[in-house]
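Q: First the structure, which I've put down as structure tokens, then a few questions once you've had a look.
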Amino acid sequence: MKRVKLVSGGIDSYIMSQEYEGENVYIDFGQPYSEEERAALDRLGVDYETIVISKPGAAFGNIYIPDRNLALACVAEMYYGADEIYMAGLKDDNCADKTEAEFEIMSATVSRYAGKQVRIISPYWSKTKGDIIAEFRGDKQKLTDTFSCYKPHDGKP
């Protein structure tokens, strides 16, 4: 079974990268904070592969990028032939496409077009960010090296 974990350098994905087996993959799709995300993954010592999707002039004016999670899942399946795609979704996430129900819909959609069963999973649906931090058995000091696009600093994500 081929498992891909989509990582971003944030707390949730870092913890997931440490707690679950599979290939860590970072997808650079032109988001304005990709350099900071990759730098965080490097600081954290996460072993990962990068997929670069280049679109000249891509502009993302908002933090929320519609259809992002479905697009990322499709890319992971296309490049890796994944049977399971892990993304760190939490019960306290506030994104329309980052809920357990939406991941089930995405699983069905990706499976349909992949011609095989593909599960898009978050192991954290019953947990909050605080829960996964509290339960993390790794080096919690490293969590200060993560990067979140949801917490701007000096006008940057």
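Q: Quick one: the Cα spread of the stretch 8-149 along its three principal axes, in angstroms, biggest first?
A: Cα extents, longest axis first: 42, 36, 27 Å.
Q: What would the Debye equation give as log₁₀ I(q)/I(0) for the stretch 94-141 at q = 0.21 Å⁻¹, counting only Cα atoms as equal point scatterers?
A: -0.77
Q: Which of the aspartates and glutamates could a cross-linker span from K91 if the Cα-Cα distance has to be under 14 Å and same-chain partners fewer than 8 positions apart are dropped?
A: Cross-link targets: D12, E100, E102, D131.
Q: Would you mind checking the stretch 1-33 for residues with the amide N under 17 Å from a putative spin-label position 7 Å along Cα→C-beta of Q117?
A: The answer is 1-4, whose backbone nitrogens lie closer than 17 Å to the label point.
Each reported figure results from applying straightforward, stated rules to the coordinates on display, with no laboratory input. Just so it is clear, the model here is predicted, and its values are computed rather than measured. Heads up, the Cβs are rebuilt from the backbone with ideal geometry, glycines too, and the neighbour counts pull from every protein chain shown.
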